[in-house]
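One structure is given below, encoded as C-alpha cells.
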Amino acid sequence: MTFMYLTFGEKSEYHVQAYLSMLSFRRQTSPGDRIVMVTTAPQFYRRASSWVEVIELSPSQVAAWKGRHQYMFRVKTMAMKHYADEHPGEDLLFVDTDTFLSGRLDELRGVLGQGCGLMHKDEGSPADMKGSSLRMWRNVEGREYAGFRINRQHHMWNSGIVGMPAAKVQNIVGDTLLLLDGMLDDGVKSFNIEQYAMSVAMTEHLTVEAAEPWVAHYWGNKDEWERAIQDFMLRAYVQDWTLDDELQAVDELLSRHIPIFVHRSNTARRLNKLVEKLFPDRDYCYF
C-alpha cells in the first residue's frame, strides 16, 4: 500500500504536521508499504529520507497540474494520478497533514481489501449546507460531468483521507479530474469543489466507508495540536532522537488527551480582536 502526502511552501507548521502523521503510520506499516511525500519543499524531509520517498514538485509542474483554471487543489488529484500511473497495482491512501493514525492499520487495510473506498467522513448533501457549498450545489445540480448526473444522493465526504483499492485508482482519479475540470469550465467556484468532485467519483465507483474510526483529523483544534507537535520536534532535534526514539515518543504523544475538535465562540474571537486593536503592544526595544 502507498500512503501519500502533499505539501506546499515554506510554512513549517504544515511540514511538522506531516512528519507526525507519517510517523503515526510508520509504527504499523509492513515491509512492502511505501510512505510518499510529494512536496515543493523537500528540505523539510531530510530527517525522514531513510523511510520516506520524497518527490519534489517544481514550480512549472505545480502550474501545469493546476490546469487551465490554475486551481490549486487540482494538484492533489494530479499527484495521485501521477503516482498511480507509475505504480499501478498498489492500494493508495492519500492523507492530509493534520491527521494521525489512531486505530489499527490492518483493519483499515482490510476495508480496501474488500473493494471498498475510504474517506474521512460523510458530511451530507451540499444541498443542505450553507455558504459556498450551497452555492456550488445550486450551480451543479442536475448537470452531467464525466457521465454522472449530479443529484442529492451525491454527498460531500471530507477528503482528509482518501483510500482507493488498486483496481479502482485509475478510474476514480480520472473521473475526479473530468468532474473537477467540467465544474471549473462552468464557472463553479467553491473551496470544496475538489472535495466534492472526489466524493462523486468515489461513490460512483465503489462503496465508501468512513475512515474516522482509524484516522483522527484534528482540523477543529489545530492550534493545540501544533503546539504539541512543535514541542515534539524540538525535543527530537535537541536530544538527537533516533527513529525508534521518535516512534516511541509518538505513542506517548498520541496517548495524551488532546481533543481533535473544540467549538470556539465567534463572539469571544471578535472580542479578543477588538481588545488587541484597542490595546496594542507598544514600546518595542531592539538590541
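The values are calculated or read from the model by the stated rules, or taken from the named source; none is laboratory data. Predicted model only: the values in this text are computed from it and were never measured. As a convention, Cβ positions derive from the backbone with ideal geometry for all residues, glycine included, and neighbour counts pool all protein chains shown. For accessibility, only protein heavy atoms count, side chains too; no ligands or nucleic acids. Shrake-Rupley method; radii C 1.70, N 1.55, O 1.52, S 1.80 Å.
Some values worked out for this structure:
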quantity	calculated
Karplus (6.51, -1.76, 1.60) ³J(HN,Hα), θ = phi - 60°, over segment 144-153, in Hz, Gly and Pro reported as x	10, 9, 6, x, 10, 8, 6, 9, 5, 6
³J(HN,Hα), Karplus 6.51/-1.76/1.60, whole Hz, each residue of segment 160-167, x for Gly, Pro	x, 10, 9, x, 9, x, 3, 5
Accessible surface of the chain, 1.4 Å probe, proportion on carbon and sulfur as whole %	50
Listed residues Gln28, Gln114, Gln17, most fluctuating in the chain (Gaussian network, C-alpha, under 10 Å)	Gln114
The chain, helix-only ellipticity at 222 nm - DSSP H runs n ≥ 4, -39,500 (n - 2.57), divided by all residues, nearest 500	-14500 deg cm²/dmol
Solvent-accessible area per residue, Å², over the chain with all protein chains present [probe radius 1.4 Å]	52
Fluctuation leader among Arg235, Arg26, Arg269 - the chain, Gaussian network, Cα springs under 10 angstrom	Arg269
(1) 25; (2) 47; (3) 36, with the label sought being that of the calculated percent of Cα pairs over 30 Å apart	(3)
Residues of segment 156-193 with amide N under 14 Å of a point placed 7 Å along Cα→Cβ from Ser125	156
Choice from Asn139, Asn192, Asn272 with maximal GNM fluctuation in the chain (Cα, 10 Å cutoff)	Asn272
Chymotrypsin sites (Phe, Trp or Tyr not before Pro) restricted to segment 141-192 and DSSP loop, no more than 12 other C-beta within 10 Å	Phe191
Computed over segment 165-287: relative contact order in percent, which uses C-alpha pairs under 8 Å that are six or more apart	23
Ranked packing of 254-262, 115-123, most packed first, by mean Cβ within 10 Å	115-123, 254-262
Derived scalar couplings ³J(HN,Hα) [segment 62-78; Karplus, 6.51 cos²θ - 1.76 cosθ + 1.60; whole Hz; x for Gly, Pro]	4, 4, 5, 6, 5, x, 5, 9, 6, 8, 4, 6, 5, 4, 4, 5, 5
Under-25-angstrom lysine pairs by C-alpha in the chain, whenever the two are 8 or more apart or on separate chains	24
Where labels lie 7 Å past Cα in the beta-carbon direction, separation of Glu13 and Glu276 in nm	1.1
The chain - share of DSSP beta bridges that are antiparallel (%, nearest 5)	45
